[in-house]
Each structure stands twice: as C-alpha cells, then as structure tokens.
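Please treat every number below as a calculation from the coordinates, not as lab data. The shown structure was predicted, so the numbers you read here are calculated from the model rather than taken from an experiment. For neighbour counting, all protein chains shown are included, and Cβ atoms are generated from backbone atoms with ideal geometry for every residue, glycine included.
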Amino acid sequence: MIQYRFGDSSVDLTAPVEDRLTVGDPRVLDFLAKVARKLLAPAVARRHPELGSLGFFLRPAELNRAVARMQRDDAVVFPRGNVFHVPPANVDTIFVYSWALSALAGNHNVVRISERSAAAADTILAALNEVLADADPVIGRTQRMITYGRDNAITAALSQWCDLRVIWGGDAAVEAIRKNPLRPSARDLTFPDRTSWAAISADGWRAATPASRRDAVVGFSNDAYWFDQAACSSPRTVFLVGSQTSDVRAEFIELLLEVVDQRGWAVDAAMAVEKRVNAYEMAATGAISAMEFPKNSVTAMSLTAVPSAPRRWIGAGAFPFAEVGSLLELVPAMNRQDQTFSHFGFGLDQLREFALALGGRGVDRIVPFGQALTFSAIWDGYDLPSEFTRLTTIAA
Amino acid sequence: MSVFTLPQAEKEEVLLTELSALTEHHRRNSEPYARILAASGFEKADSVAELPWLPVRLFKSLELKSIPDDEVFKVLTSSGTTGEVSRIYLDKHAAAEQTRRLGATVQTVLGPKRLPMLLVDTKAMLKDRKSFSARGAGVLGMSTFGRDHVWALDNDGVVDLDAIRGFLDKHGDAPFLIFGFTFLVWLHLYEVARDNGLDLSNGILIHSGGWKKLIDQAVSPDEFRARLAGVGLTNVHNYYGMVEQIGTVFLEGPSGGSLYCPDFADVIVRDPITWRELPPGETGLLEVISTLPTSYPGHVLLTEDLGVVHGVDDGDWPGKRFSVLGRLPRAEARGCSDTYREAA
C-alpha cells in the first residue's frame, strides 16, 4: 500500500512522464524559495529549530549558489534522470536536503518517507503541500513523496525505475536495499553508518574568553542534543588535546550541564537507563576507567585509550573523554567510517595539518562547534550537486 | 516455617552486612564487576540503598560470573523481547540454594507438604529444551513443589476440560496447588471455571508473568482477585521474580494487593531523575536485592520495571510491601540509522 504524502498520485510512480525539468529550473527554484519562507516563519522555527536551518538552506541565495556549482565550462550539464531517495527515519530533515538538491538539478524524484517519521517531518510535508497548491503543476507531476510499509516489491520497482538511488540510514539499510538490483546504467549514492567526534584544544580553551567558551558549549550542545546524539554528525567522544586537561574537562562539563538545563533538554528515565547500561558495559570491558553521572542529561566517561572510543550510539548526552597530546595522535584511530570532526580552539593551520595527515582515509568534515549538523551540498565526501547531474561533452 | 519474618530495620541490618560481604566477594572474583565498581568510584555502603546496583540488562551483553569456568553447573537464559538473552551462571551450591529458598518461600503459603498440582499451561512448551523459555523455567521450577501434575491445556494450547475435571474429581476436596501465568489463568482457567461451574475453592493459586495483557483487556489486579473469588478461588498469590535473581520471588500476601520480600531479599524504589530512594507512595524504578546470587554479581539489580512501595511493616507480613506497575519503555534513538526494514 502506497500512501502519497506529496505530489501527483493519479499516475503510476514508474510511468514515463512527458515533463522535462532543467538544471536549476526556475519553477523548482520558485517552489523551494516559497517552502523556505514557510519554514523560516517564527512559529515553525520555534517549534522545530532544526527546520530553521533547513529553511536557511533553501533560501534563493543558497540555491543559486548550488546551481552555480552544477555548471561547468568543459561540458553541458543535464539532470541525472530519475532519482529514488530512501532517507533515514528519524532525522526528519534529511529527506528534504537530499530531495531539494536533486530537484534543483532537474531530476524526477521519488522519496520514500519512513512510516516512523517524526513530527517535524509532518510539518515539512504540510509546508510542501501548501506551496504545491499554487505551484506549477509540473512540480507535482515530477516530484513524489510516498510512505509504504515493508513492501519489497515497491522498493524493487523503484530501483528498476531510477538512474540514481540515494540510500541514507546506515549499513543495514544500505545492505537491505542493495538486494534490489538497479538497471545497469544506474548507480547508488550511499550514506552508511558514520561516527563523528569532537575535539577541544586545551590551550585554545584556556586562552578563550569566558563568553566564547560558553558559546562553544552552546554550539556543541546543539550538535549533540538535537537528534539525541544519534545523527551521523552528532559528536560523541570528546578529545581533549593538550596536557593536564582535567581543568578544561571539568569546566566544559559544568557549562554543558548549565546550558542543557537552560535549554530544558531533559533526558528521560529510559534514556538514563540506556546510558547507564552502556557506560557500565564499557567499564566492564575496560574501555573506560571512570564514569560520572552528575545528572541524567550528562554522562561523562574517561576512556582508557583512544581506540576504545565507541563507534556505536551510547545514548543521548553520553560523552567519553580522552586526552591526547596533539591532533596528529588521533590520526591512526580514524577510519573511513568517520564523518564529522567538530572542534574548538584550534587554528586553521593545525586543522589543515590534521586533514593532510588523515589523507582522506577518514573524516569528511572538519567544522567548528555548532556546525556539526549544518547540512551542506558537499556531504559525506560527495559533491551532491555533481552526483545529481550528468555531463555531455561536445567536441567540434 | 515462614521466610517473611524480619521487620524492616532488622532486615536491613542483616542485609547490609551480607550484601557488603557479597559485593566484596564478587569484586574479588569477577573482573568485569571489579572494573565497574572502580569506574563508579564505589568503596563501601553505609546503607542498603547505597549498595552498588547493576542495570539488569548487563546480563544480556556481558558474561558476569564469580566462579571459575569449571565450576559452572548450570547456565540459565531468559529471552528478552528484542531477542537478547540474559545468561546467569550457577555453581552447584547456588543452584541448590536457589531451589531451597524458592521452596521455603512458596511453602509459606502452601504448607510443608507437596500438593497435587494443576498447571495452567501446555506440556508442549517444555519440549524444546534448547530454546527453553522463561515461562518453561518458571513452570519447571515451580512444578517441584507439587505432585500428581496435570496440565490444564493440551498440546495445542487448548483447554483440556476433561483433564481439569479429572484432576478436580481426584483432588478437589483437599488443598491443591494451581500454577500458571497470570494471563493464561485468566483466559484458560477463570473463564472455563465460570462457564463450567468448576469448584476451585480448595485451590491455592500462584501466578506471575505481568499484568500488561490483562490491563489491555481492562482487568486490574483487584478485579482479577475479585473475579477469581467469584469461582471460589480465594487463596491467590501473585509473585514477581526474574531469572537474573533466580530463586528469589516477591510474593503477594494473603489479603492481596501487595508483594512482600522474603527475609533474604528486599526492594528499593528509585527516583529515575535523582536516583535516590523514594518514600512509600511514590513510583519509580524497582531495584531488587537478594543474598542468593553468590555465583554471579546479581545481588543488587536495577530493573526496568516501575513500582511503588505501599508501606513498611504494616501489612500481612513484616518488611516492605509493594506493587509492580509496568515497564519502562526502551529508549530509542532518533538517529540516521535503521531507516529501512526489509519485509519479513
């Protein structure tokens, strides 16, 4: 059973469509700009702060920048064709980022929205549908969002239909969906399980003003708590870079407790138990040597060694800490699974040296605290606008 | 001989000494447990409430035992809802002790002699010894306290009215034991007794297994008791226990409505925000305490069940009396992962 959440439901999803969109099609630009305005409305942003960032991303200036990146002088750029998106269930905004960039590239899109999608997703869909009512009908005919249950036949049919399949949601999702063959000309864009980290330069921290330390913690708390610390980009382990860093850690935790309290982010009993279970497990296996539970909102642990840093989710507001002498000491512990490395107190040269030492073997994004969840057109090491287009070369 | 004898203050004194010693015993003999204590900074407890608890779910992910491999006599498993399994390691001593203490506990209400026993379950459930369920373990554990066992359900799980009638004809005029899971008793014994006019007035019912399914059918514990009394069954004892503290059961007193702790066990209700002990009347997470786990560090466990202490030293038996009110839901991440589940 297919439930249509957006777009024309009268025509079969995989039926050929006469309409053609262009790269940076003005009708799509116009549509997305109107959606942006709805999401940036104060009432919406207050209820779902993450939709504010999404609205920002969809503003015309941002979109035009993305379109400009699709243009090339060595080839003519066209839409890739039909794109099938399988976004994650619980990070409510990803499906829009993924879809919007693809629509902007002129593709015909089908987005599978999970049955388990949360409240913010409904708000977004309501906004999309309100704008659709007055939009050019080509939008509804070429852009569809659907929900269906455990029906592999639909996934199989859409996999045969598409030129590009975009799979979010981790290793298990990628493996499950990949069992459905694509046409020989089509390919996958996959977003498997990722791990993200945070690092504080002890020297940078000590040199910073109290106000900028606090700002850093506010940014970090957004990064960590918005998606229960479970988004691919949510920082988990915090590396304290320097020596004798216990003062930095203590102040950081103290500020974090304060900020989280002010924001009113509560961690419920079930989550508190989840964090205890995970912390006790790590203690039992020797991965951590100390655990503190100052409040349910913040669990702090001391890692016995950098490689013991967990790569799985261990609960909302669970922070293993480890001290290292320099960023370069982290290089051997990083791998392909590592996505976002958010930082405070480092200079650009230190970060650059770190990135060069990593040599692309891990870590796709190095961003300051507060920007870990900020989506951008370059994501997980992919240049999405270029993934969503195809190139024709002409030589006379 | 009752095992429900100690007033709370006296019990806590005994338990604090025994459990402190047990904590040190497990610290010496289980390295993972010692690491947990070290990481949490635990040194010593000045009250039962200060004893270090383990989340009960740890037994699903860790091998926690305080005996060498060659002394493992029995490994008990319980299947959880998510397919994870607790593994509980017993040596000969612990295995014998848990049977003995469970016996002493139920004999408080059954008397010293084995009674004819009607099992409200199906024999078929015991067949697959490998995937032995908690239900099977409960039935087997309890069946040693009865004799002349009769199964109330046939191999297909359908009520075997002839078998029940036969049992009652033979044993119905003297005390007999009925054992089963709460929901099965409701569905397959109460309704059948009511519809067929069976006389269960000499029965002593011991039942367990949670109220969720009954609450779903809008049957409260009080209603359950009242309706069973309607078919003559007035000796009814619910109990609460778990494989992670095998041998320890918290038993409902004769007047109903409250579970009591045997002398070697206790409960603490904790505030899931401050983690402090809550006073009677306030609902929180149940911590269960028992001196029986000597072969694995399960003597102080934080369950994921919600409960409330109703009173102390003011009921049928001394000590705390309490109720289990339901389960804490499992925390779920809002993460990027786990978006797509294949059709089953």
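Taking one quarter of the surface of the convex hull spanned by the alpha-carbon atoms of the protein assembly as shown gives a direction-averaged projected area of 38.2 nm². The distance between label points at B:Glu13 and B:Leu140 comes to 4.1 nm (points 7 Å beyond Cα on the Cα→Cβ vector).
Under 18 Å from a label point set 7 Å out along the Cα-to-Cβ vector of B:His310, the amide N atoms of the stretch B:1-44 belong to B:4-5, B:8. With 0.36 nm allotted per residue and the present C-alpha distance subtracted, the A:Arg206-A:Ala153 stretch has 13.3 nm of extension available.
Loop-resident trypsin sites (Lys or Arg not before Pro) (DSSP state other than H, G, I, E or B) in the stretch A:114-168 with no more than 12 further Cβ atoms inside 10 Å of their Cβ: A:Arg150. Rounded to the nearest 5, what is the percent of antiparallel bridges among the DSSP beta bridges in chain A? Beta bridges within chain A, antiparallel portion: roughly 30 percent. Per-residue ellipticity at 222 nm from helix content only, as computed over the protein assembly as shown with -39500 (n - 2.57) for each DSSP H run of at least four residues, stands at -10500 deg cm²/dmol.
Couplings 3J(HN,Hα) of the stretch B:58-75, computed from phi: 4, 5, 7, 10, 10, 8, 10, 8, 10, 10, x, 3, 6, 9, 5, 9, 8, 10 Hz, in residue order, whole Hz [Karplus 6.51 cos²θ - 1.76 cosθ + 1.60, θ = phi - 60°; x for Gly and Pro]. Take the alpha-carbon centre of the stretch B:269-310, take the same for the stretch B:180-227, and report the distance between them in whole Å. Result: 27 Å between the Cα centres. Annotation: the residues B:Tyr240, B:Tyr33, sorted from fewest to most other C-beta atoms within 10 Å of their own C-beta, follow the order B:Tyr240, B:Tyr33. In a DSSP loop and with at most 16 other Cβ atoms within 10 Å, the trypsin sites (Lys or Arg not before Pro) in the stretch B:33-96 are B:Lys44. The angle between the Cα long axis of helix B:161-171 and the longest principal axis of the Cα atoms of chain B comes to about 90 degrees, rounded to the nearest 10.
The angle between the Cα long axis of helix B:134-143 and the longest principal axis of the Cα atoms of chain B comes to about 60 degrees, rounded to the nearest 10.
For the pair the stretch A:61-107 and the stretch B:86-112, the centres of their Cα atoms are 65 angstrom apart. With R₀ fixed at 51 Å, the C-beta to C-beta distance from B:Asp162 to B:Ala95 puts the FRET efficiency at about 0.90. Under 12 Å of direct C-alpha separation, and excluding same-chain neighbours fewer than eight residues apart, B:Lys74 reaches these aspartates and glutamates: B:Asp91.
This ranking places B:Asp313, A:Asp74, A:Asp19 by how few other beta-carbon atoms lie within 10 Å of each, fewest first, which gives A:Asp74, A:Asp19, B:Asp313. Between the amide H of A:Ala199 and those of A:Phe239, A:Ser342, A:His343, A:Phe344, distances stay under 5 Å, these residues lying 5 or more places away or on another chain, with hydrogens modeled in the peptide plane.
Taking every residue in B:58-68 and counting other chain Cβ atoms within 10 Å of its Cβ, the average works out to 2. Note on A:Ala396 and A:Glu130: the model spin-label points, each 7 Å out from Cα along the C-beta direction, lie 5.2 nm apart.
Taking amide H as placed 1.01 Å from N in the peptide plane, the amide H of A:Asp338 sits under 5 Å from that of A:Thr195, A:Val363, each at least 5 places away or on another chain. By the beta-carbon count within 10 Å of each Cβ, the least crowded to most crowded order of A:Ile139, B:Ile36, fewest first, is A:Ile139, B:Ile36. For the stretch A:1-97, the set of trypsin sites (Lys or Arg not before Pro) satisfying both a DSSP loop assignment and a count of at most 16 other C-beta atoms within 10 Å is given as A:Arg20, A:Arg72. For B:Glu63 and A:Asp12, a Förster radius of 60 Å and the Cβ-Cβ distance give a FRET efficiency of 0.65, rounded to the nearest 0.05.
R0 = 45 Å: FRET efficiency of B:Gln217 with A:Tyr382, Cβ-based, nearest 0.05? Computed FRET efficiency for B:Gln217 and A:Tyr382 comes out at 0.30.
Taking amide H as placed 1.01 Å from N in the peptide plane, B:Leu62 has no amide H partner under 5 Å among residues 5 or more places away or on another chain.
In order along the stretch A:350-365, the phi-based Karplus estimate (6.51 cos²θ - 1.76 cosθ + 1.60, θ = phi - 60°) of 3J(HN,Hα) comes to 5, 5, 5, 4, 4, 4, 5, 5, 5, x, x, 7, x, 6, 9, 9 Hz; Gly and Pro are listed as x.
Whole-Hz Karplus values for the stretch B:267-279 come out as 10, 10, 9, 10, 5, x, 9, 8, 6, 7, 5, 9, x Hz, taken residue by residue from phi with 6.51 cos²θ - 1.76 cosθ + 1.60 and θ = phi - 60°; glycine and proline positions read x.
When the pairs B:Lys123/B:Lys170; A:Lys179/B:Lys60; B:Lys11/B:Lys92; A:Lys275/B:Lys123; A:Lys275/B:Lys11; B:Lys92/B:Lys170 are compared against a 29 Å limit on Cα-Cα distance, A:Lys179/B:Lys60; A:Lys275/B:Lys123; A:Lys275/B:Lys11; B:Lys92/B:Lys170 fall above it. Looking at the stretch A:195-368, what % of its DSSP beta bridges pair antiparallel, to the nearest 5? So the antiparallel bridges amount to about 20 percent of the total. Helix A:210-225 and the longest principal axis of the Cα set of chain A meet at an angle near 50°.
With just the Cα atoms defining each centre, how far is the stretch A:222-252 from the stretch B:161-176? Give it in Å. Spelled out, the Cα-based centre of one part sits 67 Å from the other.
Taking label positions 7 Å along the Cα-Cβ direction at both A:Arg312 and A:Leu356, the computed distance is 3.9 nm, reported to one decimal.
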